[in-house]
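Peer 1: Below you'll find the structure I mean.
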Amino acid sequence: MSNDARAEFDAIGSALAAVAPVAASKMFGMPCLKVEGKAFAGLYGQAMVFKLGADSRPGALALPGARLFDPMGGRPMKEWVEVPAAQAAHWDTLAEQALAYVGPAR
């Protein structure tokens, strides 16, 4: 795992924890971010994955290299989008969208 990708993931988690009850955890053995026990983002190799609603998902999937998250190989998770490190400039916005989708109303 790239230190840069991990550092960016950690920075996003810290920023979100300052405004919402976000906690670091694990999902499928990968680092993830949860709110009220529900995962909304994770670090998968050199990519971040985000649980996005129907309104945000098309924009995320339009990013170069983005795809539906398929950790098992053959069963993509329809609400989760994997976004490569080359698109890390979008990770913070996608994490905010994922938090809004999964998290409590603020």
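Nothing in this text is a laboratory measurement; each read-out follows from the coordinates by a stated rule. Because the structure is a prediction, the values reported are computed rather than measured. Virtual Cβ from ideal backbone geometry, glycine too; neighbours counted across all protein chains shown.
Peer 1: Can you pull out every residue in region 22-40 that is over 24 Å from N3 (Cβ atoms) and without any contact (Cβ under 8 Å) to a residue 40 or more places away in the chain? Working first, answer last.
Peer 2: At the first step, the residues of region 22-40 found to be over 24 Å from N3 (Cβ atoms) are 35-38.
Result: G37, single match.
Peer 1: When you look at V49, is it touching a Phe, Trp or Tyr at 6+ places or on another chain (Cβ under 6 Å) and not acidic (D, E), yes or no?
Peer 2: yes
Peer 1: Related question: Take region 12-35 and flag every residue that is loosely packed, with under 13 Cβ neighbours inside 10 Å and closer than 17 Å to Q97 by Cβ.
Peer 2: Matches in region 12-35: V19 only.
Peer 1: Quick check on my filter: what residues within region 57-73 are of a type outside the set (F, W, Y) and outside any loop (DSSP other than H, G, I, E, B)? First the steps, then the outcome.
Peer 2: Step one: of region 57-73, the residues of a type outside the set (F, W, Y) are 57-68, 70-73.
Answer for region 57-73, where residues must be of a type outside the set (F, W, Y) and outside any loop (DSSP other than H, G, I, E, B): R57, P58, G59, A60, L61, R67, L68.
Peer 1: Can you pull out every residue in region 41-71 that is closer than 16 Å to A100 by Cα and touching a residue at least 40 places away in the same chain (Cβ under 8 Å)?
Peer 2: Residues satisfying the conditions are A41, F50, K51, L52, G53, S56.
Residue-by-condition table, conditions (1) assigned to a helix (DSSP H, G or I); (2) touching a helix residue (DSSP H, G or I) at 6+ places or on another chain (Cβ under 8 Å); (3) crowded, with 22+ Cβ neighbours inside 10 Å; (4) not polar (S, T, N, Q):
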{"position": "R75", "(1), (2), (3), (4)": "no, no, no, yes"}
{"position": "E79", "(1), (2), (3), (4)": "no, yes, no, yes"}
{"position": "V83", "(1), (2), (3), (4)": "no, yes, yes, yes"}
{"position": "Q87", "(1), (2), (3), (4)": "yes, no, no, no"}
{"position": "Y101", "(1), (2), (3), (4)": "yes, no, no, yes"}
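Peer 1: Okay, moving on. For the list (1) in contact with a Lys or Arg (Cβ under 7 Å, 6 or more places away or on another chain); (2) exposed (fewer than 15 other Cβ atoms within 10 Å of the Cβ), I need the number of the one condition that L43 fails.
Peer 2: (2)
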